[in-house]
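Report on the structure given below.
The values are calculated or read from the model by the stated rules, or taken from the named source; none is laboratory data. Source: prediction; values computed, not measured. All Cβ positions, even for glycine, are placed from backbone atoms using ideal geometry, and neighbour counts span all protein chains on display. The accessibility values were calculated without ligands, DNA or RNA, using every heavy atom of the protein model including side chains. Shrake-Rupley method; radii C 1.70, N 1.55, O 1.52, S 1.80 Å.
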Amino acid sequence: MKSKLYLPTAILLNAIMAFGQGADTAGSRSFAARCAGCHGADARGTDRGPGLAGSRRLRARSIPQLRALIQKGVPASGMPPFDLAAGELDALAALVHSLNAPAADEPLPGDARAGAQFFLGKGQCTSCHMVQGRGASAGPDLSDVGARLTAEEIRGSLLQPGTRATAGYELVTVQLSDGHSLRGFVRSRSNFDLHLQDLQGNLHALAKDQVERIEADGGSPMPPLHASPEELNNLIAYLARLTGIKPGTPAMTQTRQAGDIDFSRIVESRPGDWLTYDGDLSGNRYSLLTQINRSNVRGLAPKWIFSVPLWAQFLPDTSYYQENMKYFGLEVTPLVADGIMYLTGPQSVYALDALTGRPIWQYSRPRTPGIVSDASLGTNRGVAILGDRIFRVTDNAHLIALNRTTGSLVWEVAMPDEPQRYGSTVAPLIVNDMVVAGVSGGDWGIRGFLAAYKAATGERAWRFWTVPRNGEPGSDTWQGKDPEFGGGSNWLTGTYDPETRTLYWPTATPYPNTDDRDRPGDNLFTECVLALDPDTGKLKWHYQFTPHDVHVWDATEPPVLVNARYHGENRKLLVQGNRNGFFYVLDRTNGKVLLAKKFVEQVTWASGIGADGRPQLLPPGDLVCPEDATNWGATAYSPVTRLFYLMALEKCTVRLLPGNWNKEHPVEKPGKKYLRALDIETGRVVWEVPQIGPTDGKKWAGVLATAGGTLFYGDPNGDFVAVDERDGKDLWHFPTNEIIKSSPMTYSVNGKQFVAIAAGPSIVAFGLP
């Protein structure tokens, strides 16, 4: 049982006088005369009556409601009515209200600025607690303590910290079977394992056989505050002002700590980690792990499953939402660092034990009303990681940073400056000390942009507009109306080359996407890959795959960076299978097209790509091929086979030209998907695996290649499949019977390799016996 805090009556009266809004000595004297006998001189309760200070139940009541409660009493609980004079009733009600109002709502004595200096300095509070991104995560994050606690509760927590433990911070000691012990806080516990956060903020994953016993300490590692009365008042005044992270408020600069993930680790990632959306800054999903290989992959079996709640039932009942929800499933690729997996769901982020899938913490926020496009469905493709933080975008195009140990919010920024139909679904990318992210909503009319933010504070470092204004470079390619809402979203993660210090990012369709009457010209910088200076966001070069697109062939397919011997030379390449039907190999130092060859059978819009890099257009007809030759799912290149792997769709669409309504027109045939392996020197299809199953909707899954000689992917029927990277022969499959729209990843923990993929609402991790 927790002990109660009993403050002397004089301290309570002083607290009442200091904290109470409208509560004066008349109210405090009335309380002492009429209420203290049952509720205690400190208002914390006795065996005759409940506490009236720090009561969540009373906190929800207004002063008039409390006045009526005092006047009428609660006969069922033994509290008599108090038919007092109006002035005394008002004073008592105001007093009780002040004892339960959040500290932020009360006028307090003390100098908040001096309190901040004490908190950050002499008081050494940041050695355990974090505020707005600064400090340690060994104790509760205090960024919103002024909105959660009353001033009296804050005072009590400071003077006698062991009497009130924050939920999740109840202190325990774990005796280990090897004779050692750990002291800290239980983050999750089951019959088979335990996750403990120690007093230094480190997480320990413990199996059942490692734990001898768990002892509840019933105390707090925080010592009572030693401060003068003035310092105490100053500190309370400062803490009372902490009401949460507000969008646009820069976070405090954080001192680097042991265990932080710096950018050099992302550049030279350990084989067992998966620290970016594609596992590598190059965008090439080729893993060096070999424990799972073509000789033993048949032994793969599910090791754990973690399901994320999907909230389709809360979406508006409109045809758009209902149609898209038929194909809804997670599109996330998780990250893994130091044995912890980080993933996103609709409006949420989770930290899991990557060995067992057991949740450690969760962050969630409400859905933003009025958002359209995929962002409104809860679609999100994952997080980025740097230092002690996790970064993700939100449905309303905000970028947020979370503490990696606790999941608490560190900073939040709104990426757009003006209200348009912006959303965001992209997994951010870390480049040096910045977080780079783009926006979605181009199908609904936005002015697209890509932006970089300082990971430490959330301040914007630069922004590149994908739709230029009049007079800006590229504006001459919009020859009609001013493209105020020209599209150009960029919702797929880009890639980065540390050697040339160049950031590559693909962009999507112009708006309106099929009605081009008001947008003559090439419509830069839509349907491009952009090569940007990562420090400034300045354009180095660009290549436009489909100038003046009217087919909705978003160029948001992975721009994979490959260093290879190409046509007898060592070259720095960028390779992409584009939705328009052509496979491209570019020199990534200057954007020159080295190869452009179709990788689907029928391409009716262009006969080829010229030496100048521009498509050689064919006259429009009623049959448009391809419909979508591929999509945003991950691709991979193997340096062993020198093959590039992607999922392709053979499908055409009938779009009758004006005047052809009564003429005989082509028959639209069912489509068929193929897993294809392309020779990057020639673009030739070396082998393919036909995919049996539906091709409708958004059932596109990406691929993963490994040094073990295996290629993993999800097929249209929901099977998770492994094939031989050399020839595509089946090696293994597992029927998830779910929609797979994501791309696989692989990692290792404690020397064991896993392969994981999002299937429907779940993450499924596979491993060997």
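At a glance:
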| item | result |
| --- | --- |
| Yes/no for F599 being farther than 28 Å from E459 by Cβ, at pLDDT 95 or above and either in contact with a Gly (Cβ under 7 Å, 6 or more places away or on another chain) or surrounded by 19 or more Cβ atoms within 10 Å (Cβ to Cβ) (or both) | yes |
| Yes/no for Y584 being buried (at least 19 other Cβ atoms within 10 Å of the Cβ), in a strand (DSSP E or B) and touching a Cys at 6+ places or on another chain (Cβ under 9 Å) | no |
| Yes/no for G248 being over 26 Å from the mean Cα position of the chain (by Cα), open to solvent by 20 Å² or more (accessible area, probe 1.4 Å) and touching a residue at least 24 places away in the same chain (Cβ under 8 Å) | no |
| Of the criteria (1) surrounded by fewer than 17 Cβ atoms within 10 Å (Cβ to Cβ); (2) without any contact (Cβ under 8 Å) to a residue 60 or more places away in the chain; (3) of a type outside the set (S, T, Y); (4) farther than 20 Å from P512 by Cα, which one H567 fails | (2) |
| Considering residues of the range 609-667 that are in contact (Cβ under 8 Å) with a residue 12 or more places away in the chain and on the phi > 0 side of the Ramachandran plot only, the residue nearest to the chain's Cα centre (by Cα) | R642 |
| Residue in the range 338-345 that is modelled with pLDDT of 95 or more, open to solvent by 20 Å² or more (accessible area, probe 1.4 Å), touching a Gly at 6+ places or on another chain (Cβ under 9 Å) and among the aliphatic types (A, V, I, L, M) present | no |
| Single condition K592 does not satisfy, out of (1) at pLDDT below 95; (2) more than 20 Å from W553 (Cβ to Cβ) | (1) |
| Selection status of V74, β-branched (V, I, T) and within 30 Å of S220 (Cα to Cα) | no |
| Candidate set: the range 672-699, residues that are open to solvent by less than 20 Å² (accessible area, probe 1.4 Å) and part of a loop (DSSP other than H, G, I, E, B); chosen: the one farthest from G272 (Cα to Cα) | G683 |
| Any hit, the range 393-403, residues being open to solvent by less than 20 Å² (accessible area, probe 1.4 Å), small (G, A, S) and more than 20 Å from T249 (Cα to Cα) | no |
| Selection from the range 587-617 of residues that are in a loop (DSSP other than H, G, I, E, B) and of a type in the set (S, T, N, Q) | T589, N590, Q602, T604 |
| Looking only at the range 124-159, and only at residues there that are touching a His at 6+ places or on another chain (Cβ under 9 Å) and over 19 Å from K246 (Cβ atoms), the one that is surrounded by the most Cβ atoms within 10 Å (Cβ to Cβ) | G139 |
| Residues satisfying the stated conditions in the range 138-162, i.e. part of a loop (DSSP other than H, G, I, E, B) and either of a type in the set (D, E) or under 19 Å from P224 (Cα atoms) (or both) | A138, G139, P140, D141, L142, D144, L149, T150, Q160 |
| Residue in the range 624-632 that is surrounded by fewer than 19 Cβ atoms within 10 Å (Cβ to Cβ) and among the hydroxyl-bearing types (S, T, Y) present | no |
| Within the range 69-108, tally of residues that are loosely packed, with under 14 Cβ neighbours inside 10 Å and under 30 Å from E231 (Cα atoms) | 1 |
| Flag if D178 is among the acidic types (D, E), open to solvent by less than 40 Å² (accessible area, probe 1.4 Å), at pLDDT 90 or above and within 18 Å of E215 (Cβ to Cβ) | no |
| Residue count, the range 239-288 (criterion: in a loop (DSSP other than H, G, I, E, B), under 30 Å from V562 (Cα atoms) and either of a type in the set (D, E, K, R) or in contact with an Asp or Glu (Cβ under 6 Å, 6 or more places away or on another chain) (or both)) | 8 |
